1. What does the charge dipole of segment 36-97 about its Cα centre add up to, to the nearest 20 debye, if the Cβ of each Lys and Arg holds +1 and the Cβ of each Asp and Glu holds -1?
2. Using Cα atoms only, what is the angle between the long axis of helix 23-33 and the major principal axis of the chain, expressed in degrees (0 to 90) to the nearest 10?
3. Under the Kirkwood approximation applied to all pairs of distinct alpha-carbon atoms, what is the hydrodynamic radius of the chain in Å?
4. For helix 50-63, what angle does its Cα long axis make with the longest principal axis of the chain, in degrees from 0 to 90 and rounded to 10?
5. Under the 0.36 nm per residue contour assumption, what length would be gained going from the current alpha-carbon distance of N76 and V108 to full extension?
6. Show me the ranking of peptides 55-68, 105-118 by mean Cβ neighbours inside 10 Å, starting with the highest.
7. Leaving out ligands and nucleic acids, and using a 1.4 Å probe, what accessible area per residue does the chain come to in Å²?
8. For the chain, what % of the accessible area comes from carbon and sulfur atoms, probe 1.4 Å?
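The values are calculated or read from the model by the stated rules, or taken from the named source; none is laboratory data. Keep in mind that this is a model prediction, so the values were computed, not measured. With ideal geometry, Cβ positions are generated from the backbone for all residues, glycine too; neighbour counts draw on all protein chains shown. With ligands, DNA and RNA removed, areas are computed over all heavy atoms of the protein, side chains included. Shrake-Rupley method; radii C 1.70, N 1.55, O 1.52, S 1.80 Å.
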Amino acid sequence: MKIIDIHAHYGSIPWTPNRGTGLKGMIEMLDEFHYERCIASSIEAIAYDIHNGNRELMEAVKADPRLRGYVTINANYVEESVAIVEEYVVKHGFVGVKIHPDNSHQPVDSPNTLEILATVD
């Protein structure tokens, strides 16, 4: 049976235990649980910096073919988020968009969020 983890996080969350904060920890998880594929979003992009977090995740995705990425957006920054979606989905093969309304304080159906998501084919 193929096992695909479709909701993983790359990086560390200070308030929860995890096995590692980087690529090494992700690869150990893939190997231990015999995951065929893992789709992750960046903790740093969710909580702090959409540019650096997405960039770090891109480097990890390049390092292991079992990893795929969700590009993380912030609906408070529409133009930046649209550019990030276009860059990471089109140029780097990310497979989806991660929205985090709790962090951006923008509802899933806010005009800003919907404007960004309209750019996704």
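1. Numbers: 6 positive and 10 negative charges, 60 e Å.
Rounded to the nearest 20 debye, it is 280 debye.
2. 60
3. Values: mean 1/r = 0.0686 Å⁻¹.
Across the chain, the inverse of the average 1/r is 14.6 Å.
4. On a 0 to 90 degree scale, this one is about 30.
5. Working: separation 32, 0.36 × 32 = 11.52 nm, distance 1.20 nm.
Answer, rounded to one decimal: 10.3 nm.
6. Numbers: 55-68: 17.5, 105-118: 14.9.
Ranking the peptides 55-68, 105-118 by packing returns 55-68, 105-118.
7. Numbers: 7110 Å² over 121 residues.
Here the per-residue accessible area is 59 Å².
8. Numbers: 3870 of 7110 Å².
Answer for the chain: carbon and sulfur cover 55 percent of the accessible area.
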